[in-house]
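Asks: My structure is below; once you've seen it, I'll send some questions.
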Amino acid sequence: MTDAAETQPDQRPRQQTDWMGPQMQKRIAGRYASEQRFKLLGLAAVTISALFLAFLLFVMVGNGAQGFISTEASLTVDLPAATGGVTPDELRGNRLRATMSSIDIRRIYDTAVETQYGEDGARFFAGNAWTRLRDQLTRNPELVSKRAVFWLPTSSDIDRAAKEGSTPKAEADYQQLQAAGDVRSVFNMGFLRNSDGTDPTQVGIWGAFKGSLITMVITLVLAFPIGVLAAVYLEEYAPKNRLTDIIEVSINNLAAVPSIIFGLLGLAVFLQVLALPRSAALVGGLTLALMTMPVIVIASRNAIKAVPPSIREAALGVGASPIQVVFHHVLPLAIPGIMTGTIIGMARALGETAPLLMIGMRAFTTTPPQGITDPATVLPVQIFLWSDEVNRGFVEKTSAAIIVLLIFLLTMNAFAVYLRNRFEKRW
Amino acid sequence: MTSTAVIFMIFGLGLFTWVYARSRANRFLLAGGQNVNSLPSYHGWYAALWAVIPAVAFVVLWTAIAPALGSFAVLDNPLAASLPDDPFARAAILAEARLLSRNPDLKVFSDAAQQLAPLYKAADSRYAMIGGLAAFLLCFAGGAYAFTRIKPDFRARSRVERVVMLTLLLASLIAILATLGIVASLIFETIRFFGMVSPFEFLFGLDWTPSTDVVDGKATGDFGAVPLFWGTVFIGAIIAMSIAIPFGLMSAIYLTQYASVNTRKWMKPILEILAGVPTVVYGYFAALTVAPALRSFAAMIGVPNASSESALAAGLVMGVMIIPFVSSMADDSITAVPASMRDGSLAMGATKSETIKKVLIPAALPGVVGGVLLAVSRAIGETMIVVMAAGLAANLTANPFASVTTVTTQIVQLLTGDNDFDSPMTLAAFALGLTLFVVTLLLNLVALQIVKKYREAYD
């Protein structure tokens with residue numbers, strides 16, 4: 001009995017709803033339409049997000065594909081005449097150096113350019129094209145005894161005229177070269193082999209890549225053992241006390257701290273207090289290790305937690321000590337999960353830029369770092385530095401470097417997903 | 001003999017000790033009969049730890065104090081009597097002499113350093129020799145002591161396990177050390193900054209024109225950070241969230257409620273790729289593609305003074321970056337709503353969308369709000385997108401097409417180049433960093449609290 005029924009006993013029986021009537025049909029149709037609209041809205045949200053990713057990749061690939069291509073122009077050099085009859089043997093072994101200093105390649109190059117392309121011909125070639133002539137000659141000394149054709153990198157203007165359009169003068173130059181068949185486009189090996197530079201046609205990512213590699217190794221060597229051991233302690237042994245609480249809060253807090261704060265820490269502690277070398281991969285690795293460690297701790301804890309207690313009890317039951325239980329039984333079972341978390345953490349560290357800017361890993365170095373204390377830069381910072389360049393030629397190089405970075409990150413992430421699917425057991 | 005070489009040799013000896021002690025312990029097993037407490041390898045580890053740990057600890061300590069011992073030896077020499085009394089000049093000459101002793105090709109300016117260098121060389125090599133010998137002695141003594149203890153009933157395992165446990169504890173303590181390092185470095189530099197600029201001016205001042213000039217210990221530049229705070233909130237919490245919340249939430253709803261298993265299997269990783277793209281790539285994309293497009297759009301609809309570095313460009317791209325973050329948080333909290341609530345609503349005749357809007361979302365709301373707060377904390381700490389796309393002008397404007405600057409942009413700006421730790425500009429970066437740290441920390445704490453409370457309600 002409801003109150004309403006008691007107070008209004010003489011109410012007429014409620015009229016039965018006419019479910020098939022036009023009013024109700026209309027209302028139902030409206031509800032279904034709204035259902036459809038809502039569903040489409042959700043689909044649109046997912047699709048637009050995915051399209052944005054596709055657009056981003058499309059723009060990067062569109063801009064960057066050109067970065068892997070370099071434009072070369074031919075230069076015919078009559079070497080026997082220019083060198084005064086140097087024989088190939090004089091360019092071999094330990095005689096190379098003496099011969100090279102006697103024949104003045106730079107002058108030979110200048111003369112050949114002037115002969116083939118006229119007074120102002122040097123504008124077609126990159127500033128250091130003559131070093132490529134020297135390198136090709138060193139690699140293939142046979143050339144010195146004949147009139148040889150060399151393919152040398154063009155200037156940035158011609159390169160851009162070949163790819164996307166440039167100043168009218170450069171366009172005309174390019175047309176002229178093309179008409180004579182003196183220009184070609186080849187895969188830019190230099191982009192993978194060279195380091196930073198000032199001429200966009202000559203720069204490469206090897207230096208930054210090597211810097212990234214060294215930094216990542218330091219990060220992994222520091223963060224992985226510390227992270228896994230801390231996770232083991234917290235998950236398996238830590239007594240419930242004040243200290244454990246503080247450790248847990250610290251780790252969760254570190255995982256949420258913006259990355260730039262780690263850069264400030266690196267600057268104040270590693271550079272200012274400990275006086276470690278600025279711009280070095282060592283400091284970058286230390287900073288990123290602090291940033292990656294909490295990620296590894298959290299992933300490892302989840303992986304350890306997922307190992308069922310029956311395993312531990314069985315091991316304890318046959319007489320294993322608590323340490324043996326963990327190191328002989330729990331950890332081997334948790335390794336796939338730990339690896340997945342580690343790879344994801346490392347991928348994040350590999351793409352990180354801001355903290356490394358803080359500790360000065362933006363060194364302009366034209367040679368790759370040789371050790372952990374050499375000034376170095378890393379791929380993401382190199383991308384940032386190139387993106388700031390005024391020269392339009394750097395746009396394609398920036399995008400090309402982004403493509404390389406993305407390939408690495410996607411491979412790492414895909415590998416992590418593969419590991420998870422392949423090895424992780426559901427208990 | 002360098003300390004690195006000594007450490008390597010000690011580890012070699014440790015390996016030898018391990019093998020030898022293990023084979024010795026193996027004999028008990030082969031002899032059989034008695035009650036053997038530990039496996040042979042534990043005896044090996046026990047002996048190796050005794051051989052390595054004290055010796056390595058000594059080498060580390062010795063490396064720290066040997067230079068000082070060397071200096072004392074040099075100062076005791078009659079040649080050092082001619083050094084100036086001024087402690088600074090004296091220290092400078094000594095430092096120069098030491099560098100010279102290590103690298104004879106070095107050019108030095110003072111004759112005193114030239115004279116003292118051989119002394120340094122002799123003293124340093126003498127102390128390195130003493131240290132190396134002592135380390136080896138310790139190594140042998142430790143190993144020998146451990147050998148004498150190898151007996152069938154010796155509890156080698158529990159000793160070794162105690163060391164392992166200590167290592168685990170030390171590894172966990174590094175997290176505390178890192179947190180303390182962050183807090184200490186930020187607070188220490190911020191206090192120095194507030195010695196030059198009043199905290200009140202910093203937190204409530206409306207003008208941001210930093211400069212390095214200091215007059216009478218007070219900075220002359222304007223360090224009012226309100227335009228920075230506004231820029232950060234405008235880009236990270238307003239523009240980015242107005243993209244990330246609807247898209248993230250609707251994506252989560254679609255993927256959890258409507259999408260087929262196959263679609264979900266493919267779309268979820270694709271959305272997660274968005275979160276895995278490095279921020280420098282987003283920044284470049286914002287600066288190269290989005291910002292120019294928005295600028296011409298603004299010019300088309302007649303917005304005056306549209307800047308090529310607009311708040312909108314940075315905010316939009318940041319919003320897209322945050323979508324997967326919001327989406328996965330919302331996903332978690334929607335799936336955590338008990339199925340009985342959803343089934344009940346569907347059984348009453350509600351359509352799916354009505355169930356979602358009137359049952360699932362209200363029930364999942366605390367989790368979603370917590371997720372959004374975490375997303376905000378990530379957005380305001382985000383650096384590269386704003387550095388590359390948002391600009392440097394500290395404007396206090398609500399025009400999304402104008403250029404604004406953020407806390408993180410200014411930190412990068414202030415700390416680029418040489419850092420002089422006495423300049424108010426460098427110190428201001430640390431004050432901004434502390435503000436950012438405190439705000440993100442609070443946001444995270446509040447968000448986690450909300451999420452936790454809500455989880456308890458249904459478990």
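The values are calculated or read from the model by the stated rules, or taken from the named source; none is laboratory data. Because the structure is predicted, anything quoted here is derived from the model rather than measured. Quick reminder, even Gly has a Cβ in these numbers, built from the backbone with ideal geometry, and neighbours come from all protein chains shown.
Asks: Can you give me the number of residues within the range A:104-138 that are surrounded by fewer than 20 Cβ atoms within 10 Å (Cβ to Cβ) and of a type in the set (A, V, I, L, M, F, W, C)?
Replies: Selection size over the range A:104-138: 2.
Asks: Among A:L192, A:L229, which is within 23 Å of the chain's Cα centre (by Cα), aliphatic (A, V, I, L, M) and surrounded by fewer than 23 Cβ atoms within 10 Å (Cβ to Cβ)?
Replies: From the options A:L192, A:L229, the qualifying one is A:L192.
Asks: Here is a follow-up. Under the condition of being of a type in the set (A, V, I, L, M) and within 20 Å of A:A65 (Cβ to Cβ), which residue from the range A:165-188 is surrounded by the most Cβ atoms within 10 Å (Cβ to Cβ)?
Replies: Ranking the qualifying residues of the range A:165-188, first place goes to A:V183.
Asks: Further, regarding this structure: If we keep just the residues of the range A:382-427 that are surrounded by fewer than 21 Cβ atoms within 10 Å (Cβ to Cβ) and acidic (D, E), which is farthest from A:T340 (Cα to Cα)?
Replies: It comes out as A:E389.
Asks: Could you check B:K121 against (1) more than 24 Å from B:V60 (Cα to Cα); (2) modelled with pLDDT of 75 or more; (3) surrounded by fewer than 19 Cβ atoms within 10 Å (Cβ to Cβ) and say which number it fails?
Replies: Here B:K121 meets the rest and fails (1).
Asks: Could you go through the range B:75-95 and let me know if any residue there is part of a helix (DSSP H, G or I), within 14 Å of chain A (Cβ to nearest Cβ) and closer than 23 Å to B:I10 by Cβ.
Replies: no
Asks: Out of B:F285, B:F325, I need the residue that is more than 10 Å from every other protein chain (Cβ to nearest Cβ) and either in a helix (DSSP H, G or I) or loosely packed, with under 15 Cβ neighbours inside 10 Å (or both). Which one?
Replies: The match here is B:F325.
Asks: Out of (1) assigned to a helix (DSSP H, G or I); (2) surrounded by fewer than 17 Cβ atoms within 10 Å (Cβ to Cβ); (3) within 21 Å of the chain's Cα centre (by Cα), the odd one out for B:T409 is which?
Replies: Only one criterion is unmet by B:T409, namely (2).
Asks: Further, regarding this structure: State all residues of the range A:58-81 that are within 11 Å of another protein chain (Cβ to nearest Cβ) and buried (at least 19 other Cβ atoms within 10 Å of the Cβ); if no residue qualifies, say none.
Replies: A:M60, A:N63, A:G64, listed by residue number.
Asks: Considering every residue within the range B:237-247, establish whether at least one is within 8 Å of another protein chain (Cβ to nearest Cβ), out of contact with any Lys or Arg (no Cβ under 9 Å at 6 or more places or on another chain) and in contact (Cβ under 8 Å) with a residue 12 or more places away in the chain.
Replies: Checked against the condition, which is being within 8 Å of another protein chain (Cβ to nearest Cβ), out of contact with any Lys or Arg (no Cβ under 9 Å at 6 or more places or on another chain) and in contact (Cβ under 8 Å) with a residue 12 or more places away in the chain, the range B:237-247 yields at least one hit.
Asks: For the range A:331-364, which residues satisfy the criterion of being over 22 Å from A:S212 (Cα atoms) and more than 13 Å from every other protein chain (Cβ to nearest Cβ)?
Replies: If the condition is that a residue be over 22 Å from A:S212 (Cα atoms) and more than 13 Å from every other protein chain (Cβ to nearest Cβ), then A:P332, A:L333, A:A334, A:I335, A:P336, A:G337, A:I338 are the ones that fit.
Asks: Do we find that B:V164 is in contact (Cβ under 8 Å) with a residue 40 or more places away in the chain and in a helix (DSSP H, G or I) in this structure?
Replies: no
Asks: Sort out which residues of the range A:22-51 are of a type in the set (G, A, S) and facing chain B (nearest Cβ under 9 Å), and write them in order of number.
Replies: Selection gives A:S34, A:G42, A:A44, A:A45, A:S49, A:A50.
Asks: Go through B:A51, B:A21 for me and flag whichever is touching a Cys at 6+ places or on another chain (Cβ under 7 Å) and either at pLDDT 80 or above or among the polar types (S, T, N, Q) (or both).
Replies: B:A51
Asks: Only residues that are more than 7 Å from chain A (Cβ to nearest Cβ) and either within 36 Å of the chain's Cα centre (by Cα) or under 23 Å from A:G351 (Cβ atoms) (or both): list them for the range B:254-268, please.
Replies: B:T256, B:R264, B:K265, B:W266, B:K268
Asks: Moving to a separate point now. Scan the range B:159-177 residue by residue and report those that are more than 7 Å from every other protein chain (Cβ to nearest Cβ) and within 22 Å of B:Y42 (Cα to Cα).
Replies: Correct list: B:R159, B:V160, B:R162, B:V163, B:L166, B:L170.
Asks: List the helices (runs of 4 or more DSSP H) that sit entirely inside the range A:176-272 and contain at least 1 residues that are of a type outside the set (K, R), within 14 Å of another protein chain (Cβ to nearest Cβ) and without any contact (Cβ under 8 Å) to a residue 60 or more places away in the chain.
Replies: Correct list: A:206-232, A:242-256, A:259-265.
Asks: What is the residue count in the range A:139-154 for residues that are at pLDDT below 80 and surrounded by 14 or more Cβ atoms within 10 Å (Cβ to Cβ)?
Replies: Count: 5.
Asks: Oh, and also: In the list B:A364, B:A402, B:A339, which residue meets the criterion of being more than 11 Å from chain A (Cβ to nearest Cβ), of a type in the set (A, V, I, L, M) and free of Cβ contacts under 8 Å to residues at least 24 places away in the same chain?
Replies: Answer to the selection: B:A339.
Asks: Hey, does the range A:365-379 have a residue that's of a type outside the set (D, E, K, R), under 30 Å from A:T167 (Cα atoms), more than 10 Å from chain B (Cβ to nearest Cβ) and assigned to a helix (DSSP H, G or I)?
Replies: Within the range A:365-379, not a single residue is of a type outside the set (D, E, K, R), under 30 Å from A:T167 (Cα atoms), more than 10 Å from chain B (Cβ to nearest Cβ) and assigned to a helix (DSSP H, G or I).
Asks: Mind telling me which of the residues B:T397, B:T440, B:T416 ends up being under 24 Å from B:A291 (Cβ atoms), surrounded by fewer than 24 Cβ atoms within 10 Å (Cβ to Cβ) and at the interface with chain A (Cβ under 8 Å from one of its Cβ atoms)?
Replies: Of B:T397, B:T440, B:T416, the one residue that is under 24 Å from B:A291 (Cβ atoms), surrounded by fewer than 24 Cβ atoms within 10 Å (Cβ to Cβ) and at the interface with chain A (Cβ under 8 Å from one of its Cβ atoms) is B:T416.
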